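A short reminder: the numbers here are calculations on the coordinates, not readings from a lab. Note that this is a predicted model, so its numbers are computed, not measured. A quick note on method: Cβ atoms are made from the backbone with ideal geometry, for glycine too, and the neighbour counts reach across all protein chains shown.
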Amino acid sequence: MTDQVENFARGLRPRLLTEEGLAAALADLVRRGGVPVELDVAQTRLPPAIEAAAYFVCAEALANIGKHAPSPRAKIEVAQTRAGLIVTVTDDGEGGASFDAGSGLRGLADRIEALGGRFTLTSPPGEGTTVRAELPARGP
């Protein structure tokens, strides 16, 4: 997953995301990662900025799970609504994640909000973590 993490850090979109869409790119991300992940992704194409934001939410959340959850298992759900996409990444780790722990989650929240969306983090100690992004069908 090293190449993907480096690309993520540079904000580069994976080629598969551009060519085949979010579902294919997330399936590839999950396949290459070291964390067991249940994946449920809507197959619809949306504007590139929205798909990229959804992808980066999942990539950052999986990177954090790999680093901080002792026996990681995760679930990624990407559901389409009339208003756009809802991206939810949950894990069974120890919880306790916060915006103060590093710049990754804060940067994601800023990116989602810049697109007119909403980003939430729920991570009570001892109960795992849920990252949720609500993205509009079209960017601002």
Quiz item: By how many nm would the segment from GLU19 to THR81 grow when fully extended, if each residue of separation counts as 0.36 nm and the alpha-carbon distance is taken off?
Solution: 20.0 nm
Quiz item: Which of GLU60, GLU19, GLU113 moves the most in a Gaussian network model of the chain with Cα springs under 10 Å?
Solution: GLU19
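Tell me, in nm to one decimal, what length is gained between ASP28 and SER98 on full extension, where the rule is 0.36 nm per residue of separation less the Cα-Cα distance? It would help to have the intermediate numbers written out before the result.
Details: separation 70, 0.36 × 70 = 25.20 nm, distance 2.73 nm.
Contour length minus the Cα-Cα distance gives 22.5 nm.
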Quiz prompt | Amide H partners (placed H, <5 Å) of ALA137, local residues excluded | solution = GLY84, LEU85
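For region 20-140, with only Lys/Arg (+1) and Asp/Glu (-1) charged at the beta-carbon, what is the dipole magnitude about the Cα centre, in debye rounded to 20? Could the numbers behind the result be given before it?
Working: 12 positive and 15 negative charges, 56 e Å.
For region 20-140, the charge dipole is close to 280 debye.
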Self-check item: Tilt relative to the chain, helix 22-32 - C-alpha long axis, 0 to 90 degrees, to 10
Solution: 30 degrees
Exercise. Using only the Cα atoms, work out Rg/Rh for the chain, with Rh taken as the Kirkwood radius, to two decimals.
Key: 0.93
